[in-house]
Amino acid sequence: MADTIKILDGSTFVVSDRRGDIDAAPDQPHGLFFRDTRFLSRWILSLEGRSLEILSTDDVDYFSAQFFLYPPTGTIYSNPDLSVIRQRTVGDGLHEDLILLNHSQEPVDVGLRMEAGADFADLFEVKDAQKKVGELYRDVRDGSLVLGYGRDDFVRETVITAGEPADVGEEGLTFRVTVPPHGEWQTCIDVIPQADTLARPKHGHGSVGSPAPNMEMSLKEWMQRAPVLESSWDKLGHIYWRSLVDLAALRFYPDISPEASLPAAGLPWFMALFGRDSVITSFQSLPFTPELAETTLRVLADQQGKEVDDFRDEEPGKILHELRVGELTHFGERPHSPYYGTADATPLWLVLLDETERWTGNADLVRELEPNARAALAWIDEFGDRDGDGYVEYERRNTETGLENQCWKDSWNSILFADGTNSKLPRATCEIQGYVYDAKRRCARLARELWGDPDFADQLEKEAQELRARFNRDFWIPGREFFALALDGDKRKVDSLTSNIGHLLWSGIVDEEKAEAVAQHLMSERMFSGWGVRTMAEGEGGYNPIEYHNGTVWPHDNSFIAAGLRRYGYAEDAARIGYALLEAATYFDWRLPEVFAGYPRSLTSFPVEYPTASSPQAWATGTPLLLLRVMLGLEPDGDRLASEPVLPPEIDELALRGIQGRWKDADVTARRS
């Protein structure tokens, strides 16, 4: 999607070509999307029936863009007398200012037309190229063009209005105007999506580059609240700025908590409430934007599983995977209302609960969510451990539409043996056991210090230590000297060498005597491409440098690997991974994508794009932030912030000023000397 322009705000996003036009194929994620539905699939501007050409395109902010266009003359010997500027903003709808400039000494009579259409495709229909079941309609009402779709009680409409008089027809709007010599003419067009209620665009006339006052927090305020970064490596400032801006863009205001935001997973497919993605991103960004973590914890607690529901993979105490509000979910054709098909979101939610209190000192939040935390811990033992062997396994209850793999590597073929054959369900992947170990240790602290339940704390500590001993015995592969990717349904060790072992270091479940072998594997040529650690080692039977989870490099994966190496004392290796990922970001306009190819650096002098990667994507956006924490060795220590920096050779000086937390305000400065 390199030739597209993407702007977004909350649950609204627009993907167009570089002229600002939208002409979406059924399986193409182009258009105006709002609440999981495409409200514009056609939006084409023409002058006297001819398409316009591009002078320049400017992504002003995450929620706005400008397109500078001109009508072609058909010859290089004649310059155009007219130019057109489209100024676009999104936020609960779309607002577009059209400016027509006359550069000649004569008045110009001209016809400007905007073609409009909407297929009202559900995002799942776009992904699967499905056809609509209901009926589309068009209407002109009170001077506005209304595009609509109805299926039983599911009705969606797009209302299009113009600021200047126009000939409004069912196919679009036409403006017949006279532009004076060296003068201009302009109008604005509002596109208002109507779902359960009528939305109102956040932005109005002339708002390009300026958030409207009713936005919950402006970009300027958002940036001012973040720590100030200083670095001898100038490029790091650009990467840091981009990460903060993209986090602001991905802020999602759920209906159940409209006054506070949490991170949506990513554009274009995942602008919705997620469990694992929102938790991981909130963890990564805690030193920089702690408010995201607090909202994430509360909203996911509100949606915590309450009953056994096979269709939605729901179980009491379980944290959801994904919540959708589109047509297919409405009619029960998809289980995302919400869908609970994830085995790792629940322990990760517990990890985030403790980490948030360690950083912010918000004990009231921990006490408020104590019932939810106890329910999550009960899920781990009662439903997560399906067969009573002491490990959390997963197998979908709904074999029709549920996810086969319910770990972070959730593609169908991600849990392979070393010979490339697939494993058998149910599967107990290694990193989930590490998350459970960490969750129980952390909740033991919360029980002892904040819940006033020392007996429960002792129980959790005992269970964590027993899990660690059992895990280091059952998952270790003697001879190959690393941990199995998983135990499959026959309790066989899935013996591929993968990046999951780095998450084990992050969780702390690895015995000290095994940590060095794990670190050496992670930094070997088979695993470390030079741009990051691959998801699967080169030479394994399933390895493919452009397979989604079997050889690519995932930035968020690497951020946790770096944090794990740092935890076990391999700080220089962690810094090496950190710099490799940050350097990769410089090749992607300062923004790390969801995933990129795992080709070795000796083969290519730049990281190779993955064709369908989301960008911006939340936990990739959070990766530079966690890497900064790792390099500076930032750790809460009671009411003070401890720091033990280890910088990569390429960065001589690094500082973060104004780090907010329970210590109120802290500055950290590091120099390699």
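The values are calculated or read from the model by the stated rules, or taken from the named source; none is laboratory data. Keep in mind the model is a prediction, meaning the values are calculated, not measured. Cβ sites come from the backbone with ideal geometry, for glycine too, and all protein chains shown count toward neighbours. Surface areas here come from the heavy atoms of the whole protein model, side chains and all, with no ligands, DNA or RNA. Shrake-Rupley method; radii C 1.70, N 1.55, O 1.52, S 1.80 Å.
Structural remarks
- Of the whole protein surface, Asp310 contributes about 80 Å² of accessible area at a 1.4 Å probe radius.
- Accessible surface of the chain [probe 1.4 Å, protein heavy atoms]: carbon and sulfur percent: 45 percent
- When all protein chains stay in place and ligands, DNA and RNA are ignored, the 1.4 Å accessible-area order of Tyr579, Tyr548, Tyr435, largest first, is Tyr548, Tyr579, Tyr435.
- If the Kirkwood radius is taken over C-alpha pairs of segment 245-373, then at 25 °C and 0.890 mPa s the Stokes-Einstein diffusion coefficient equals 167 µm²/s.
- Intensity falloff of segment 456-546 expressed as log10 I(q)/I(0), Debye formula with alpha-carbon point scatterers, at q = 0.19 Å⁻¹: -0.90
- Gain upon complete extension [Ser56, Glu184; 0.36 nm per residue less C-alpha separation]: 44.2 nm
- Think of segment 57-142 as having a plus end and a minus end, set by charges on the Cβ of Lys, Arg, Asp and Glu; of Val108, Phe124, Phe67, Phe124 sits farthest toward the positive end of this dipole.
- Rg over Rh [alpha-carbon atoms, Kirkwood Rh] for the chain: 1.00
- Convex hull volume of segment 364-446 per residue (C-alpha atoms, cubic angstrom): 120 Å³
- Sites Arg662 and Lys132, calculated FRET efficiency, Cβ-Cβ separation with R0 45 Å, nearest 0.05: 0.30
- Per-selection Rg to Rh, segment 406-456 - Cα, Kirkwood hydrodynamic radius: 1.25
- At R0 = 25 Å, FRET efficiency that the Cβ-Cβ distance of Glu572 and Glu481 yields, to 0.05: 0.75
- Each residue of segment 639-652 was assigned a 3J(HN,Hα) from its phi angle through the Karplus expression (A = 6.51, B = -1.76, C = 1.60, θ = phi - 60°), giving 9, 10, 9, 8, 8, 9, x, 9, 9, x, x, 7, 10, 7 Hz with x at Gly and Pro.
- Distance between the 7 Å Cα→Cβ label points at Asp589 and Asp27: 2.6 nm.
- Rounded D (µm²/s) - segment 5-51, Kirkwood Rh over Cα pairs, Stokes-Einstein at 10 °C, 1.306 mPa s: 143 µm²/s
- For segment 1-92, the alpha-carbon radius of gyration amounts to 1.16 times the rule-of-thumb value 2.2 N^0.38 Å expected for a compact globular protein.
- Rg/Rh ratio calculated on Cα atoms of segment 564-627 (Kirkwood radius): 0.99
- Accessible-area rank, largest first, for Arg386, Arg42: Arg386, Arg42, with all protein chains present and a 1.4 angstrom probe.
- Using the Cβ of Leu450 as centre and a radius below 12 Å, the other residues enclosed give a net charge of -2, where K and R count +1 and D and E count -1.
- For q = 0.09, 0.20 Å⁻¹, Debye-computed log10 I/I(0) when each Cα of segment 537-673 counts as one equal scatterer: -0.30, -1.21
- Extreme residue, positive dipole direction of the chain, given options Ile44, Ala571, Gly622 (C-beta unit charges): Ala571
- In this structure Phe383 has an accessible area near 50 Å², from a 1.4 Å probe over the protein heavy atoms.
- Long-range tail of P(r) for segment 298-345 (Cα pairs > 18 Å, %): 22 percent
- Ellipticity estimate at 222 nm from DSSP helix runs (n ≥ 4, -39,500 (n - 2.57)) divided over the chain, nearest 500: -8500 deg cm²/dmol
- Once the C-beta distance of Gln105 and Glu171 is scaled by a Förster radius of 56 Å, the resulting FRET efficiency is 0.95 to the nearest 0.05.
- Shape call, segment 510-588: gyration tensor on alpha carbons, a/c limit 1.5: oblate
- Accessible surface, per residue, of the chain when the full set of protein chains is kept, probe 1.4 Å, Å²: 37 Å²
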